[in-house]
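**Q** Please see the structure below; I have some questions.
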Amino acid sequence: MDKNSNRPGYKMTKAGWIPEDWIISTLGKSEHFLTSGSRGWSQYYCDRGELFVRITNLSRESINLDYADCRFVKLPSNGSEGTRTTLNAGDILVSITADLGIIGYFSSEEPYPRAYVNQHVALLRILDTKIYSKFVAYQLAAPRAQKRFRQITDQGAKAGLNLSSIRSFPVAFPSLAEQEGIAEVLECWDRAIRVVERKIEKKREIKKGLMQQLLTGKRRLPGFGTDYHEAHEELEERRIPEGWKEVRLGEVVAIKKGDQLNRLDQTDNGDYPVLNGGIQPLGYTDRWNTEANKITISEGGNSCGFVSFNKERFWCGGHCYALDENEVMTEKNFLYQYLKYKQSEIMRLRVGSGLPNIQKKTLEQFSFSFPELPEQKAIAGVLAAADGEIGALERKLGALREQKRFLLNNLVTGTIRLPEFRRELP
């Protein structure tokens, strides 16, 4: 049931319950420009040029564009399609095929000031001066509007959203001042989220550098021998750091393959995760067959070779290896960090095409070099400290995202009003 249902000072509309002083309308009733991108622009792809916005650049986490995977185009000077599909600051983007209703917002602070949309993205430009487009973008990204997009999808719209559907989409509007106030609050949380995301990215880069130096012996911690400089690699390709030794994985761990668990024995809310090849648990169960604090390596599937460390008891499936380390030779946390560092090499051990897998005997022959236990523990301590900093930031990020979801869900529906816009009931 809607939180605002039968609440004094609220009214029922086709967009749901909203405050009595808000108005209900549709996107098409406002002065606007709406279009979708052009087809067949692959001939204009280039390494450098103007940004070509695709669904890949939209995210359900934020209305801000995602630039992790960018495509660029260079258009001919006499083309007209570029003029029609050029993005302006304040434009709203809506995915109209495949995953429908992902919302983006093109601001004046984008790193790519000139950009176009492709055929899977609609461009909505609000021209009405009484409507703040960023508020509209946030409202369309909120759960209530997203539920409506899902309903459109469930009705069998295989071709996706058409422009008429977008024009008829209901939107609730407070005063322009309240629209701007709501958008400002939500943008404040978005900025805080971006700051923490950048900090996490930076910390991960720092940790990556530490791993490259410490896990190869190129840099040694104080009291553990001299650095193994890159210059030595040019002279002796197989040279290992002083005091380190080279072994095969099977010499320092016992590699055990798990047991397949029937689907009927898995639940959605069991106490123990079922690890069976993928990166995430396959499911959950009320039973376990492997103790906590174990390193696992995926045995089969597209992610075979993925290394993880499991801090709780779990069910080790038939496509998963659990490692029992020799505590006299290896320190568990060091071994995990080292294998994680070598994960890409381990993944290249896969064989087969239909269902790729890594053979146990091949994994046992995987060779690597490592120091004595005291240095292993020291290195593991440094990397664990880095993980701790990253983990703390990730928890902060999770909290900020949860707060943002709460505010997004409640502010754009009027369930919560900003103090300066609250109305006292008679």
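The values are calculated or read from the model by the stated rules, or taken from the named source; none is laboratory data. These numbers come from a predicted model, not from an experiment. Positions of Cβ are generated from backbone atoms using ideal geometry, with glycine treated the same way; all protein chains shown enter the neighbour counts. Surface accessibility is based on the protein's heavy atoms, side chains included, excluding ligands, DNA and RNA. Shrake-Rupley method; radii C 1.70, N 1.55, O 1.52, S 1.80 Å.
**Q** If you go through region 370-426 one residue at a time, how many are more than 30 Å from R60 (Cβ to Cβ), open to solvent by 20 Å² or more (accessible area, probe 1.4 Å) and of a type outside the set (K, R)?
**A** Looking only at that region, the number is 12.
**Q** In region 43-60, which residues are within 7 Å of V73 (Cβ to Cβ) and either free of Cβ contacts under 8 Å to residues at least 60 places away in the same chain or in contact with an Asp or Glu (Cβ under 6 Å, 6 or more places away or on another chain) (or both)?
**A** Across region 43-60, the qualifying residues are Y44, Y45, C46, G49.
**Q** While we're here: Between residues in region 291-315 that are open to solvent by 40 Å² or more (accessible area, probe 1.4 Å) and residues that are among the hydrophobic types (A, V, I, L, M, F, W, C) and part of a strand (DSSP E or B), which pairs lie under 6 Å by C-beta distance while being six or more apart or on different chains?
**A** So the pair list comes out as F309/I295.
**Q** Quick one: would you say R71 is among the basic types (K, R) and in contact (Cβ under 8 Å) with a residue 60 or more places away in the chain?
**A** The answer is no for R71.
**Q** Could you tell me which of the residues L355, L335 is hydrophobic (A, V, I, L, M, F, W, C) and either at pLDDT below 90 or closer than 21 Å to N276 by Cβ (or both)?
**A** Just one listed residue meets the conditions, L355.
**Q** Of the conditions (1) in contact (Cβ under 8 Å) with a residue 24 or more places away in the chain; (2) farther than 20 Å from L411 by Cβ, G101 fails just one. Which one is it?
**A** (2)
**Q** Also, I was wondering about something else. Does R84 satisfy the criteria of being in contact with a strand residue (DSSP E or B) (Cβ under 7 Å, 6 or more places away or on another chain), at pLDDT below 95 and within 25 Å of K130 (Cα to Cα)?
**A** So R84 fits the description; yes.
**Q** Across region 9-32, which residue is nearest to P143 (Cα to Cα) among those that are open to solvent by 70 Å² or more (accessible area, probe 1.4 Å) and not basic (K, R)?
**A** By that ranking, first place goes to M12.
**Q** For region 359-374, state whether one or more residues are in contact (Cβ under 8 Å) with a residue 40 or more places away in the chain and under 28 Å from the mean Cα position of the chain (by Cα).
**A** Scanning region 359-374 turns up no residue that is in contact (Cβ under 8 Å) with a residue 40 or more places away in the chain and under 28 Å from the mean Cα position of the chain (by Cα).
**Q** Just to be sure I understand the filter: pairs with C-beta atoms under 8 Å, separated by 6 or more residues or on different chains, first member in region 262-274 and over 24 Å from F309 (Cβ atoms) and of a type outside the set (S, T, N, Q), second member open to solvent by 100 Å² or more (accessible area, probe 1.4 Å) and at pLDDT 85 or above. Which pairs pass?
**A** Every condition considered, the pairs that remain are D265/R287.
**Q** Now, a different point. If you take the residues in region 70-100 that are of a type in the set (G, A, S) and outside any loop (DSSP other than H, G, I, E, B), which one is surrounded by the fewest Cβ atoms within 10 Å (Cβ to Cβ)?
**A** My answer is G82.
**Q** Quick one: would you say R350 is under 30 Å from R204 (Cβ atoms), open to solvent by 30 Å² or more (accessible area, probe 1.4 Å) and of a type outside the set (A, V, I, L, M)?
**A** When the stated conditions are applied, R350 passes them.
**Q** For the condition surrounded by 12 or more Cβ atoms within 10 Å (Cβ to Cβ) and out of contact with any Gly (no Cβ under 6 Å at 6 or more places or on another chain), what is the one hit in N57, N6?
**A** After applying the criteria, what remains is N57.
**Q** Next question. Just one of the numbered conditions (1) basic (K, R); (2) at pLDDT 95 or above; (3) farther than 30 Å from R395 by Cα is not true of R148; which one?
**A** The single condition R148 does not satisfy is (2).
**Q** Now for a different question. Within region 334-347, track down each residue that is surrounded by fewer than 21 Cβ atoms within 10 Å (Cβ to Cβ), polar (S, T, N, Q) and either in contact with a Leu (Cβ under 6 Å, 6 or more places away or on another chain) or under 18 Å from N310 (Cβ atoms) (or both).
**A** Q343
**Q** Exactly one of these conditions fails for K361: (1) touching a strand residue (DSSP E or B) at 6+ places or on another chain (Cβ under 9 Å); (2) open to solvent by 30 Å² or more (accessible area, probe 1.4 Å); (3) within 16 Å of I255 (Cβ to Cβ). Give me its number.
**A** It is condition (1) that K361 fails.
**Q** Considering region 317-331 alone, what residues qualify as being over 23 Å from K361 (Cβ atoms) and under 32 Å from the mean Cα position of the chain (by Cα)?
**A** Scanning region 317-331 gives a single hit, E331.
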